[in-house]
Amino acid sequence: SAVISQKPSRDICQRGTSLTIQCQVDSQVTMMFWYRQQPGQSLTLIATANQGSEATYESGFVIDKFPISRPNLTFSTLTVSNMSPEDSSIYLCSARQYTNEKLFFGSGTQLSVL
Amino acid sequence: QKEVEQNSGPLSVPEGAIASLNCTYSDRGSQSFFWYRQYSGKSPELIMSIYSNGDKEDGRFTAQLNKASQYVSLLIRDSQPSDSATYLCAAFNAGNMLTFGGGTRLMVKP
């Protein structure tokens with residue numbers, strides 16, 4: 001299975017600021033994704049991180065709020081911009097391997113916005 | 001209607017019993033299905049994948065798939081308190097995106 005390193009693991013941020021979350025995979029993967037998981041809820045897909053081009057966002061998520069980069073096959077960042085308390089959540093990076101369709105997750109970033 | 005449905009639970013079983021977790025999906029084109037286990041405060045961990053009708057066993061876990069009924073299940077034999085977690089069912093949809101159910105919380109009582 002792919003090993004996915006995600007950082008920071010947690011952060012407490014002030015309203016109106018931005019936080020960038022980094023995700024590094026130890027092997028080449030086909031696709032990378034960013035999910036959000038609010039307390040007591042299941043996973044919601046934010047976007048697919050595309051290498052060298054703009055991310056593909058799901059309904060309800062926009063690039064200005066959640067800019068995503070993927071400069072190469074194994075690295076991606078998600079920025080949560082102009083944060084509000086409603087952005088308090090766990091943000092998860094995930095990746096799908098070339099060899100199969102299995103999706104693996106990073107350890108997550110627990111974000112609290114005051 | 002949600003694409004992948006699960007009973008939120010909690011499902012409570014005594015230690016040593018069989019825990020049965022169920023999931024239904026709406027997209028008939030889905031071909032691949034996965035079960036994830038998520039401990040509180042942790043990220044989801046892949047425990048089973050299944051692609052064909054029937055049963056697939058891995059240790060104490062058995063995944064079952066019935067495409068005609070659009071039904072996936074996970075059986076955990078000899079349940080242990082360490083199995084207490086939320087179990088997420090996931091299916092690839094027609095757009096080749098993985099869709100997650102809401103999860104079932106399992107509690108195994110000593």
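Bear in mind these aren't lab numbers, they're just calculated from the coordinates by the rules spelled out. Predicted, not measured: the structure shown is a model, and the values here were computed from it. Please note: Cβ atoms are built from the backbone with ideal geometry, for glycine as well, and neighbour counts cover all protein chains shown.
So the values come out like this:
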| read-out | value |
| --- | --- |
| Lys, Arg +1 and Asp, Glu -1 on Cβ, resulting dipole of chain A about Cα centre, debye, nearest 20 | 160 debye |
| Along each principal axis, Cα extent of the protein assembly as shown, largest first, Å | 49, 36, 35 |
| Number of partner chain Cβ atoms within 10 Å, mean per residue of B:99-110 | 2 |
| 26 Å Cα-Cα threshold exceeded, pairs from A:LYS102/B:LYS109; A:LYS7/B:LYS56; A:LYS65/A:LYS102; A:LYS102/B:LYS67 | A:LYS102/B:LYS109; A:LYS7/B:LYS56; A:LYS65/A:LYS102 |
| Angstrom value of the Kirkwood radius, inverse mean 1/r, which spans all Cα pairs in chain B | 13.8 Å |
| Square roots of 5 times each gyration tensor eigenvalue, C-alpha, segment A:34-75, largest first, Å | 21, 12, 7 |
| Coarse-grained scattering of segment A:1-106 at q = 0.20 Å⁻¹, given as base-10 log I(q)/I(0) from a Debye sum over alpha-carbon atoms | -1.03 |
